[in-house]
Amino acid sequence: MTLDIRTIDAAWDEQWDALAGETEASGFMQSSAWSAFKRSEGYETPRFGLFENGTLIGGASLLVYPHESQGFVLCPEGPVLPWDRKDTAREGLRLLISAAQDLAGSLREVGLRIEPHLPPPAPSVLRNWGRSPVDLTPVHTLMADLSCSEEDILARMRPKGRYNLKLAQRHGVNVVQSDEMRDLSRFYELFEETAWRNDFFAEPYGFFLNLGTALFPAQCAALFLAEYDGETIAAILVVFFGRRATYLYGGSSVACRNVMPNYALHWAAMVEARKRGCREYDLYGYDPFGLPDHLYAGISRFKRQLGGARRDWIGARDLIFYDRLAEQVAGRLTLTHSERRT
Amino acid sequence: MTLHIDERTDGNFALFIDGDLQFDTADEALYHEGLTLPALCMAGSCARVLICGGGDGLALRECLRFPGVERVDLVDYSPEVVELGRTRFAGINRGAFEDHRVAVHIADAWEQLDTLGNFDVVLCDFTVPRKPDDARVFTREWYSRISASLNPNGIVAVNAVSPQATPEAFWCLRKSIRAAGLNALAYRVCIPSFRAQGYGAWTFMLAARRPLRLADLKQLECPVETRQLDLARLYRGASFTRAESSIERHVPVNSLENLCLVPLLLNPAMDDGRWTMGGGRWTIDDRRWATDYSRNSTSGRAGSLSSIVHRPSSADPSSTVFRPSSAHPSSESPFDLAPLLNAIPVTHPYHTREMVEAMAEQVIGAIRSLDIKRLVNALLRRAGELPKDLVRELRKLRDFLRDHTPSFDAWREWSYRLFAALVITMTLANTIAPDNAFAKGAHGLGHASMSRGYSGGFGGGRGEGGSFSSARSGGFGGTSFSRSGGFGGPAPRITSSGFRSRYSRGGPVDVYGYSYAPRYYIYCGGGYYHVHPAYQVSGGQPAARPEKHQALFVADDDMMVLDSGDVVITLSDGAYLLVTGGTVALFNEKNPEPILPVYPDPGLFRNIQDQVQSQQAAVQHDSALRRDWLGWVGWTSALFPIVAEDKREVRNLDDMTRKLDAAARRIGSAPANAVPASPVTAGQVELFVGGYLLSDDTIGIRQPDSWLYTDGRSIWTDKEEKSKSRPCPPLLTEAVQSILKKLQKELTADVASDKNDLRELYTDNLQLQQDLVQYQGIYMSSGYQSDYEVDYGTDSISVSQAISRTQADIQQNQIDYQQTQLSHDKAHIDLDRINSALHGLWR
Amino acid sequence: MRPPDEQHAALEFEILAAERELVHGQFARARDHLKTASAMGARKMDVNRLHASINAEEQSHAKRARLSGWGGFGIGGLGYLFLSLQQPVAWTMPLWCGLAFLAIPAIAGYAMGRWQGQGQSPQSRFWSALFSVGWAMCFYTAISLMSLRWQIGLAGQGGAVLVAGTFVSAAYALVAGTVAGVVSAKLAWHGHE
């Protein structure tokens, strides 16, 4: 077995997306469309392919935010590795670390942060990796299975979910699917209102403009807008990549809550996801315990009605490049010290 | 780069580049006339014009219609924008690109400038920089190069930034232009679409080698008609107050080795001196925040990191740095990171200050998993760069680590300076990437908490405070509020703007000045003088008329001081305890009359009085200061709104003091002979202070002179026979049920979360054990060669090291497991009891 | 021609008048008298002696007048330093107003007026007292206000606070300065005019 790692350029997009999209521990954040989006947000997105005897078996699409100060080399929802082949995974990861370290050498980054979607416990190959202070993607999520028939998907929903979906359909909530930039403002208005109402941080409009510009033409994302009485009353943004569709953002107005537009939206998104060949629908984050102060406390009850099964991930892990960190810390210590003396 | 054209139904449209508005056709003329015409008018000649950026062709349009313009060079690095300029925008730029006088260069202006010759007018129409790299064309070096390619009477017009939204960046830009040896004249132009995006009043800057005076703008004579801009009034936007322009003195110059414009754009109002530039990086000038902090500093060595990060008072490092952790009484908070965390800058437009602070607290938790030994060794490899005393400190730390298991406490106990520098470095590293603003993980930053500025606090978790409703420990029952958590910040104080806007709006506030939704309680006065007629013990007075009282001050999630001076402790959605006049009574929210008197527990009263007093002290301090201030300036309240506001604020504070005074008096204290409740015995669950779920599922309530028992159907006291029981009023049953249900819900969540943690810890442990066995196997089969290389995660280390590290991991895992197990067991036992009660008697 | 005795008496009178004016600091008048005396044939030595002492006295007066500005500022400053031991509210407002706007400016103004002597015109005594005591008050007010506001916090309203503070400082300085000026101009030499 010979493993080697090298940078793979845009010519590899198709092959890379096929591989990353089918790897369970990976996700849309490894896709080339997402990299394009992140580039427009100012990131550098180096990508490495891991080759075994010349065949692409893994790799990582990395994010580096160029900055005067130091940060982390990020690998959200990655790296793509054959995690079940422990030794290959270990060797692959080592190659990746050295590649990232070379990258960090020129960029002053203090570590590598990965976030593979592996169920706990963390594999022993990550023994020397520390738990990150922050996870980019939710650690607990609900995953609806789409590999069965539509009837089965409905059957797996909670009765109340099915009932509310029927209710929305009976009320005549009309769901429009769109990947047009001009519909973004309709979505954003609702999203912003929801963020304001529920007091969470809303990504700025520019973020969605960038996201739409990169993901819509690549057929990687779509908006679903619920219309009722001639008005848009709820909207969600769903990302499709490989085996999984992910509900990423949503918003609704308080006005017509009783016609249950959100159920109709998610149902439409699930149907569309099946059409696009996705086998899972990730509801993206929920609170499995019912803790009153949990981040997803409010929306969890709604998500549970849609019939997903709980999935846990090990969360983000950091590998610190100690020499780089020491350099930064030393710089800071020397500075405060010399200032004190002056 | 992403381009987006936002089309509107009225035919107007707007161009966004990377999410930033470039122009809106509704008012773009304001911008482009404002940028180009004053420069063209004031230049001696305008035969040769250079436009840097501006690929949309709109500034070009303005130049071309100006008489005397013979040639215009346009340099834009984005072919996409220029293409749009040629096609989509041809209608609004009047086909400017077709003009024979125009030469377009698709190139980086920075590279191209020197090849283009000299100009009479240069227009810098760049987008506002978002990354330090983009700020290159806003540096002193850039302007000197422009100055060099300017004809003697030439003039430069620069698209600046808002002096309103980002004053420091604005003055930094002006200073940079002046640093290049040019004279600068800035003028504001109000562009409604920019304002709508929150960019504030916009500014352009003229620069020239000759002096530029305000009068030049006043006497502007423009040979062409303007569409939207009123050139005659332009000069009005060109004067700045002395206070505004004094900012220029403090800000650095944006230069190639110090690209500070973007940080200044992102950190407006951080100009209180907390930041200085050093080596082209943002670093903390601890002298300034030390002054803020010196009041709390025991060491009194203001101006050093160690005075912020408290160290034991002795100056000799050998005796202080190496004190075992037990030498620190836990009550004396070892050090406070709050000022440090406050000073970490925001590095991206998506981030907010609260996010950065919340992140810093998360980082402190995560530093636990760092390998101190490796870091210390890596630092010592750079010993040459470090101050000597620090190297000494580090060497001793290394020696200590050689013989001891590194633990989290080692960081805090052994080298505060290192720990502080590490926290800053790691927090910065974590906040660099804008995506962290949107972190969705439960482990990460809560969105809600970030936008509100409240953070759970490291080490806050499940505290062991005096518990009022103690089935879930921690404060008054809920999760406790602790901003600086385990690092014990200074006592909470009302922030200066705490009440100003919120106090009179009706909602209660807490010590941090956050306001809550208004809450009302309707009752007839507390105490057991007016208990429910059915339980009047003796000498009851007729119940007063029910009154509605409003919550005034939130001491903790569950404790509120009402405007009447009474204190309410919320037990559930339906039940609360009212504390007044040395008495405690249980209420059902549906009924204004108390259900039962409850024993006045001295601990409860002490706790409430402490809370009220600390709040009172804070309010009084603030009020006295403001009163002194008003002593000076009070008579000008008719002239200055801010003084009038201060007057109102003092009235509010006085009102608050009166009410807190009243509360302190009204609450009273427990009778002198009152005894604290004995700790709960096995099988009992404390529901609230004085209320217990007993082992036979009956509820025991400790009353002033007896114990009252109820099974939901009847009630009896310990002085009476159970047979003499009276029927239990439905209000009491309901209240008990609601309390039980609330606790059930909370405990279920706690147990589930603990169970999950336990399961994960257990599987982790299995894995660790497996690894250990493997390492030991390798050790044996290698013939007990301790330096035999093995895989440890992605590291390769010697087998003996791998074994010892795995053992240490196992040990830590077991400690975590035991702690979680304890908390789980306690919650679980209580939950079982509550479940059985809710299934049995309290169904 | 007056008889010699009478002329001698007139001469003596002029010399005495010149000396009196010199004591009172009225140098111009003293010179006038001396001039008359000289014209009347006073002894050269007397005239020269007197002339020299007028010049010396005038110079020292001018010096004192120059220094009196700082003196007034110093007295005012000391007074206000004493006042700053506690805040106006703690002094009680009437007492504080009395001390800050009447007592201290009056003492400083009186002292200044005396120092400057009658040689200075009341107008110049007024202005110099106004500026000296005015600045002392201005510093006292501005420093007190700044330290107070620093403790309260600006809450993002630095601009408005600055305007109010500047206004109040200027107003107080004007009042205290005017009082000092009036005392210096009118009261310092009231009995001697």
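Read-outs: derived from the displayed coordinates by stated rules, not from any lab. None of these values were measured; they are calculated from a predicted model. Glycine also receives a Cβ, built like all others from the backbone with ideal geometry; neighbour counts cover every protein chain displayed.
The long axis of helix A:13-22 is offset from the longest Cα principal axis of chain A by roughly 70 degrees. Taking other C-beta atoms within 10 Å as the exposure proxy, A:E115, A:E44, A:E280 rank A:E44, A:E280, A:E115 from fewest upward.
Run through region B:145-242 and list the GluC sites (Glu not before Pro) located in a DSSP loop whose Cβ has at most 11 other Cβ atoms within 10 Å.
Details: sites: B:E168, B:E221, B:E225; in loops: B:E221, B:E225.
Listed in order of number, the matching sites are B:E221, B:E225.
Shape call for region B:86-138 from the C-alpha gyration tensor, a ≥ b ≥ c root eigenvalues: rounded (a/c under 1.5), prolate (a/b greater than b/c) or oblate? Oblate, since a/c reaches 1.5 and b/c is not below a/b. Among the residues of A:119-129, the average count of other protein chain beta-carbon atoms within 10 Å of the residue beta-carbon is 6.
Once a ≥ b ≥ c are taken as the square roots of the eigenvalues of the Cα gyration tensor of chain A, is the result rounded (a/c under 1.5), prolate (a/b larger than b/c) or oblate (a/b not larger than b/c)? Here chain A falls in the prolate category. Using the Karplus relation 6.51 cos²θ - 1.76 cosθ + 1.60 with θ = phi - 60°, the per-residue 3J(HN,Hα) values for region B:660-673 come to 5, 4, 4, 5, 4, 6, 5, 4, x, 9, 5, x, 4, 8 Hz, with x marking Gly and Pro. Amide H contacts under 5 Å for B:C260: B:S255, restricted to partners 5 or more places along the chain or on a different chain, H placed in the peptide plane at 1.01 Å from N. Local charge for C:E19 was computed over the other residues whose Cβ lies under 15 Å away, with Lys and Arg +1 and Asp and Glu -1, and equals -1. Each residue of region B:678-690 is assigned a 3J(HN,Hα), and the resulting list reads 6, x, 5, 9, 4, x, 9, 10, 7, 8, 7, 5, x Hz, derived from the Karplus form 6.51 cos²θ - 1.76 cosθ + 1.60 (θ = phi - 60°), x at Gly and Pro.
Per residue, what volume in Å³ does the Cα convex hull of region A:1-134 take up? Each step should come with its number before you reach the end.
Details: hull volume 14.4 nm³, N = 134.
Taking only Cα atoms, region A:1-134 has a hull volume of 108 Å³ per residue.
Once the Cα atoms are used to define both axes, helix A:205-215 deviates from the longest principal axis of chain A by about 90 degrees. Here the Karplus relation 6.51 cos²θ - 1.76 cosθ + 1.60, evaluated at θ = phi - 60°, turns the backbone of region A:44-60 into coupling constants of 9, 10, x, 9, 10, x, 9, 10, 10, 6, x, 9, 6, 10, x, x, 7 Hz, with x for every Gly and Pro.
To make sure I understand, if each residue's beta carbon is the centre and we count other beta carbons within 10 Å, what order do B:T9, B:T820, A:T246 fall in, fewest to most? Could you put the intermediate results ahead of the total?
Details: B:T9 5, B:T820 18, A:T246 25.
Exposure proxy ranking, most exposed first: B:T9, B:T820, A:T246.
Across q = 0.13, 0.17 Å⁻¹, chain C modelled as identical point scatterers on its alpha-carbon atoms has Debye log10 I(q)/I(0) values of -0.74, -1.00, in the order of the q list. Close amide H pairs (under 5 Å, H built 1.01 Å from N) link B:I155 with B:V121, B:V122, residues at least 5 positions away or on another chain.
How would you rank B:F170, A:F200, going from fewest to most other Cβ atoms within 10 Å of each one's own Cβ? Don't jump to the answer; show the numbers that get you there.
Details: B:F170 29, A:F200 18.
If I rank by nearby Cβ atoms, fewest first, I get A:F200, B:F170.
Taking every residue in B:613-625 and counting other chain Cβ atoms within 10 Å of its Cβ, the average works out to 1. Listed by number, the DSSP H helices of chain C that run 30 Å or longer by alpha-carbon position along their axis and have mean Kyte hydropathy of at least 0.5 are C:122-152, C:158-182.
Within the set of other residues whose C-beta is less than 14 Å from the C-beta of B:L234, count the net charge using Lys and Arg as +1 and Asp and Glu as -1. Mind showing how you got there, number by number?
Working: positive: B:R188, B:R213, B:K218, B:R233, B:R236; negative: B:E33, B:D216, B:E221, B:D230.
Counting the neighbours of B:L234, the net charge comes to +1.
List the chymotrypsin sites (Phe, Trp or Tyr not before Pro) within region B:732-811 that fall in a DSSP loop (any state other than H, G, I, E or B) and whose Cβ has at most 14 other Cβ atoms within 10 Å. Show your work: numbers first, answer last.
Details: sites: B:Y762, B:Y775, B:Y779, B:Y784, B:Y788, B:Y792; in loops: B:Y784, B:Y788.
The qualifying sites are B:Y784.
Peptide B:374-387 is shielded by partner chain Cβ atoms: per residue, an average of 5 of them sit within 10 Å of its Cβ.
Between the amide H of B:V104 and those of B:L74, distances stay under 5 Å, these residues lying 5 or more places away or on another chain, with hydrogens modeled in the peptide plane. Helix A:261-275 axis versus longest C-alpha principal axis of chain A: approximately 60°, rounded to the nearest ten.
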